[in-house]
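What follows is a set of notes on a single structure, which appears directly below.
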Amino acid sequence: MSTLSADSTPKLLDDGRIRLLTFNLQVGIQTSAYHHYLTRGWQHVLPHPKRQRRLRLISNILRRYDIVGLQEADGGSFRSGSINQVDYLAHQAGFPHHYQQLNRDLGKLAQHSNGLLSRLTPALVEEHRLPGTLPGRGAIHARYGSGPDALHIFVAHLALSQRGRNRQLDYLSEIIEPLRHVAVMGDLNCSFEQIQSHQRFCEAMALHPVHLPPSYPSWQPRKALDHILLSDSLQAERVKVLNRLFSDHLPIAIDVRLPGACLQQLDEHFSLLSGTKSAPLPNP
């Protein structure tokens, strides 16, 4: 895992905002029509000579943000040319901290993963295996600062079935309920209205209503499956869906204004770090 010069971190918070982005990158497969799922499906198991070039272009976009959540990244198998895509994007885009969660391990064939890229120094990073009929869904939880005013970022990829998603939202609700400042981002495979209909999750998170434009399919967006959900203590600014980046999903981004108490907690956290030469990304 990478390291960070601690004295560079607080500068990101000078305007009281952080820039969040979530992206299902579909392991770098270029998809621009439904028939590509058939004709280009081989790229899910075999390497493609242009995949690394696509990752470099993706990294040019990611470098504009402070915290990035990735879904459908490969952890370094045969299909990705043995390139850990989370690690590669972190280094190409200049993120000093990154974390890969391996959710479905198919050995040398595929390493289905979530990823977290961060310019801020997390106090703690944990991973959660989400319940479901089929294994392979997960969530990353990064905590910035400590105490009741810490900032909590979750990166998740939820199930396709409503029954599976409901179980996973129940699981996340239990973790989120005692937390105050929370952002959940990822490919949640459902609409905002479906999330709102899950009473336990909405009560646990006290959702701030942020309606995002459709992000799927990327070539003709009709469904808003990708989300950055915010607790009501966080204020959304500059909400947008980005242009196509090869995947069948579009990246979505939000600038988030943090409340004063949360900013103060982060400043205290980074002040403690400033006495050290570097701060390694914590492991669970």
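The values are calculated or read from the model by the stated rules, or taken from the named source; none is laboratory data. These numbers come from a predicted model, not from an experiment. Because the Cβ atoms are built from the backbone with ideal geometry, glycine has one as well, and the counts that use them run over all protein chains shown. Accessible surface is based on the protein model in full, side chains and every heavy atom, while ligands, DNA and RNA are left aside. Shrake-Rupley method; radii C 1.70, N 1.55, O 1.52, S 1.80 Å.
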Select from the range 54-71 the residues that are in contact with a Gly (Cβ under 9 Å, 6 or more places away or on another chain) and of a type outside the set (A, V, I, L, M) and write down the one among them that is farthest from residue 24 (Cα to Cα). 63
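For residue 254, are the conditions met, namely being under 18 Å from the mean Cα position of the chain (by Cα), assigned to a strand (DSSP E or B) and surrounded by 17 or more Cβ atoms within 10 Å (Cβ to Cβ)? Step through it out loud before you land on a result.
On the way: under 18 Å from the mean Cα position of the chain (by Cα): yes; assigned to a strand (DSSP E or B): yes; surrounded by 17 or more Cβ atoms within 10 Å (Cβ to Cβ): yes.
Judged against the criteria, residue 254 is a match.
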Among the numbered criteria (1) free of Cβ contacts under 8 Å to residues at least 40 places away in the same chain; (2) open to solvent by 60 Å² or more (accessible area, probe 1.4 Å), which single criterion is violated by residue 173? (2)
Somewhere in the range 182-190, is a residue surrounded by fewer than 19 Cβ atoms within 10 Å (Cβ to Cβ) and in contact (Cβ under 8 Å) with a residue 12 or more places away in the chain? no
Quick check on residue 160: is it open to solvent by 30 Å² or more (accessible area, probe 1.4 Å), out of contact with any helix residue (DSSP H, G or I) (no Cβ under 6 Å at 6 or more places or on another chain), closer than 16 Å to residue 128 by Cβ and assigned to a loop (DSSP other than H, G, I, E, B)? no
Those residues of the range 257-272 which are outside any helix (DSSP H, G or I), open to solvent by 30 Å² or more (accessible area, probe 1.4 Å) and hydrophobic (A, V, I, L, M, F, W, C), in sequence order: none
List the number of the failed condition for residue 92; all other conditions in (1) within 14 Å of residue 25 (Cα to Cα); (2) at pLDDT 95 or above; (3) open to solvent by 50 Å² or more (accessible area, probe 1.4 Å) hold. (1)
Of everything in the range 241-251, what is of a type outside the set (Phe, Trp, Tyr) and assigned to a loop (DSSP other than H, G, I, E, B)? Give them in sequence order. 242, 243, 244, 245, 247, 248, 249, 250, 251
Any residue that is in contact with a strand residue (DSSP E or B) (Cβ under 8 Å, 6 or more places away or on another chain), hydroxyl-bearing (Ser, Thr, Tyr) and closer than 18 Å to residue 70 by Cβ - is there at least one of those in the range 186-193? no
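Quick grid of which residues meet (1) surrounded by 14 or more Cβ atoms within 10 Å (Cβ to Cβ); (2) farther than 23 Å from residue 140 by Cα; (3) without any contact (Cβ under 8 Å) to a residue 40 or more places away in the chain:
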position	(1), (2), (3)
32	yes, yes, no
42	no, yes, yes
48	yes, yes, yes
52	yes, yes, yes
55	yes, no, yes
69	yes, no, no
76	yes, no, yes
84	yes, no, yes
Taking the range 228-249 and the residues there that are open to solvent by less than 20 Å² (accessible area, probe 1.4 Å) and closer than 14 Å to residue 19 by Cα, the one that is nearest to the chain's Cα centre (by Cα) would be 228
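Looking only at the range 218-228, decide whether some residue is free of Cβ contacts under 8 Å to residues at least 24 places away in the same chain and farther than 30 Å from residue 265 by Cα. Outline the logic, then answer.
Residues of the range 218-228 free of Cβ contacts under 8 Å to residues at least 24 places away in the same chain: 220, 222.
Keeping just the survivors that are farther than 30 Å from residue 265 by Cα gives 220, 222.
Yes - at least one qualifying residue is present in the range 218-228.
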Go through (1) modelled with pLDDT of 95 or more; (2) open to solvent by 30 Å² or more (accessible area, probe 1.4 Å) for residue 133 and report which single condition fails. (1)
